[in-house]
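J.: Okay, here's the structure, questions in a sec.
The values are calculated or read from the model by the stated rules, or taken from the named source; none is laboratory data. For clarity, every value in this text was computed on a predicted model and none was experimentally measured. Neighbour counts are summed over all protein chains in view; Cβ atoms, including those assigned to glycine, are modelled from backbone coordinates with ideal geometry. Ligands, DNA and RNA are excluded from the accessible area calculation, which covers all protein heavy atoms including side chains. Shrake-Rupley method; radii C 1.70, N 1.55, O 1.52, S 1.80 Å.
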Amino acid sequence: MQNFEKIKLNRDFHRLYTKGKSKVTPLFVVYTAKGRKGKLRLGITVGKKIGGAVQRNRAKRLITSAFRSLTPNLTQGYDVVIVARVRVLAFKSTQIAELLKKQFTEIGLWCEDESD
């Protein structure tokens, strides 16, 4: 069961790149902005520098899995775009989830209301 929707339209990605807040880590860049639909939405971008199709799809699966584990504690109504970097393939989804949690706390999307 997904608690979020996927961002698929280019204009939504472009809006986040230009008007969203960004946080940078060695593994990824996180862009966030208030969403228009009132739901939590996720978009993932993985460039060809990561590797072939297998590596790019693995990076997307790792990020999606990490994000899915964090959705119960994230504030609804925001759009999030995560741009993967080359180092992301060397980590597990639990480690990625810890880094994402730290980024979301700094941005202000993390709420501790629900239990972990």
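J.: If we count GluC sites (Glu not before Pro) as exposed when they sit in a DSSP loop and have at most 11 other beta carbons within 10 Å, what is the longest stretch of the chain that avoids them all?
T.: 1-111
J.: Counting alpha carbon pairs within less than 8 Å and at least 6 residues apart, what relative contact order, in whole percent, applies to the chain?
T.: The value is 32 percent.
J.: Okay, next question. What share of all Cα pairs of the range 42-81, in percent, falls into each consecutive 10 Å distance bin?
T.: All Cα pairs considered, the percentages come to 27, 47, 21, 5.
J.: Then there is this: Using just the alpha carbons, could you tell me how many Å³ per residue the convex hull of the range 53-116 encloses?
T.: 86
J.: Please list, by residue number, every one of the trypsin sites (Lys or Arg not before Pro) in the range 1-106 that is coil in DSSP and has at most 13 other beta-carbon atoms within 10 Å.
T.: Sparse-neighbourhood loop trypsin sites (Lys or Arg not before Pro): Lys8, Arg36, Lys37, Lys39, Lys92.
J.: While we're here: Match the structure shown to one of the listed values [x] -0.52, -0.89, -1.23; [y] -0.58, -0.93, -1.21; [z] -0.66, -1.00, -1.22 of log10 I(q)/I(0) by the Debye sum over Cα atoms at q = 0.14, 0.18, 0.21 Å⁻¹, computed from it, and give that label.
T.: [x]
J.: How are the Cα pair distances of the range 8-62 distributed, in percent, across 5 Å bins from 0?
T.: For the range 8-62, the pair-distance distribution reads 4, 16, 25, 23, 20, 9, 3.
J.: By DSSP, what percent of the beta bridges with both residues in the chain are antiparallel, rounded to the nearest 5?
T.: 65
J.: Full extension from Glu5 to Lys102: what is 0.36 nm times the residue separation minus their Cα-Cα distance, to one decimal in nm?
T.: Full extension from Glu5 to Lys102 adds 32.7 nm.
J.: Enter the accessible area of Ser93 (Å², nearest 10), with the probe set to 1.4 Å and all protein chains included.
T.: In the full protein context, Ser93 sits at about 30 Å².
J.: Okay, next question. Relative contact order (percent) for the range 58-116, with alpha-carbon contacts under 8 angstrom and 6 or more residues of separation?
T.: With pairs under 8 Å counted, the relative contact order is 51 percent.
J.: Along the charge dipole of the chain, which of Ala53, Ala84, Phe67 sits closest to the positive end, that is, farthest toward it, with unit charges on the beta carbon of Lys, Arg, Asp and Glu (+1, +1, -1, -1)?
T.: The listed residue farthest towards the positive side: Ala53.
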